Each structure stands twice: as structure tokens, then as C-alpha cells.
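The values are calculated or read from the model by the stated rules, or taken from the named source; none is laboratory data. Please read these numbers as outputs of a predicted model, since none were measured by experiment. When we count neighbours, we look across all protein chains shown, and the Cβ atoms used for this are built from the backbone with ideal geometry, even at glycine. For the accessible areas, the whole protein counts, side chains as well, though only heavy atoms, and no ligand, DNA or RNA atoms are used. Shrake-Rupley method; radii C 1.70, N 1.55, O 1.52, S 1.80 Å.
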Amino acid sequence: MKYQVGEVGRIILARFEDGEEVLENLADIVRKEDLRASVFYLLGGITDARIVVGPDDDKTRPPKPVWKEVMESHETLGIGTIFWYENEPRIHFHGSYGKFDSAKTGCLRDKGKTFIVMEAIIIEIMGVNAVRDLDSVTNMVLLKLR
């Protein structure tokens with residue numbers, strides 16, 4: 001285990017409008033505000049999304065992701081982190097997506113549009129030295145504490 005101790009910096013509250021891309025909006029805010037490390041919460045509606053619900057099997061490296069579509073409107077609640085990989089912010093978000101009596105939980109990676117409204121609370125983490133870096137075993141861009 002590796003860890004660092006930091007402090008809370010700025011807190012940003014954002015509202016994404018109907019049809020706006022969730023991950024693109026988050027990345028735009030992070031670039032504009034020059035947030036180097038942050039944690040965020042999302043709550044609201046999502047549609048036209050793709051999530052990863054796990055690897056195809058637990059032994060294969062790199063893991064083969066299993067994708068699920070979230071095509072109709074779903075209620076969404078989740079938490080994520082944003083750290084930089086080279087010159088771009090990289091978002092890691094796990095959420096639950098529900099409609100009626102059906103629920104899915106997974107990692108929003110590819111796309112996802114706001115359905116009516118999505119609220120984001122972004123909390124800047126100050127005083128840590130963390131980035132994302134390509135892991136050669138998993139072929140994934142993972143958190144690295146320097």
C-alpha cells in the first residue's frame with residue numbers, strides 16, 4: 001500500500017444540462033480550473049451511456065472489459081477521481097444506474113449524456129503528488145503516487 005496525506009482545496013459545483021456529455025464536461029472543468037487531483041460526486045439522470053461491469057474473467061491480463069449499454073434514462077449516483085495522465089485529465093468513475101426495479105453498477109468510460117440534469121460536486125485535493133500512469137501488466141492507466 002502507498003498513500004499520501006493532502007488537504008481539501010476548492011469545491012466546485014456544476015450543473016450539466018439535458019443532452020450534455022458528462023465525462024467531457026468534467027474534463028473541461030478540470031482543464032479550465034487546472035485541477036491536478038480531485039474527487040467528485042455525480043447525481044442526476046443519464047442516458048445513452050456505456051459502462052464496464054467487470055472483466056470477462058479474473059485471470060486474464062490485460063483484462064477484457066464487459067460493456068453494458070444504458071440507453072434509456074436512468075437515475076445515477078456515484079463517485080470518482082480525476083488525476084492527470086501525460087497532458088490530459090483521466091476520469092475514473094463508478095456509479096449505480098437505476099430505472100424502475102432494475103439497477104446496474106459499473107465504470108462509466110466511453111460516453112454518457114445528461115438526462116434533464118446532472119449535478120457534479122468536485123473537490124480539489126491539495127498537497128498530494130499523484131498522476132495516472134500506464135500499467136504494463138493490465139494495459140490500464142492507473143493511479144500512481146509519486
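Tabulated results
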quantity	calculated
Portion, in percent, of the accessible area of segment 13-146 that falls on carbon or sulfur, probe 1.4 Å	52 percent
Selection from 19, 106, 43, by position along the positive dipole direction of the chain (Cβ)	106
Spin-label zone in segment 102-144 - amide nitrogen under 11 Å from a point set 7 Å from the Cα of residue 48 along the C-beta vector	112-115
Sites residue 144 and residue 41 - FRET efficiency at Förster radius 41 Å, r taken between beta-carbons, to 0.05	0.95
Residue 69-residue 4 pseudo-label distance in nm [points 7 Å out on the Cα-to-Cβ vector]	4.1 nm
Subset of 2/113; 59/144; 2/99 violating a 29 Å alpha-carbon distance limit	2/113; 2/99
Residue-averaged 222 nm ellipticity for the chain, from DSSP H runs of 4+ at -39500 (n - 2.57), nearest 500	-2500 deg cm²/dmol
Distance from segment 13-75 to segment 106-142 (C-alpha centre basis), Å	7 Å
Contour minus Cα-Cα distance for residue 116 and residue 24 (0.36 nm per residue)	31.5 nm
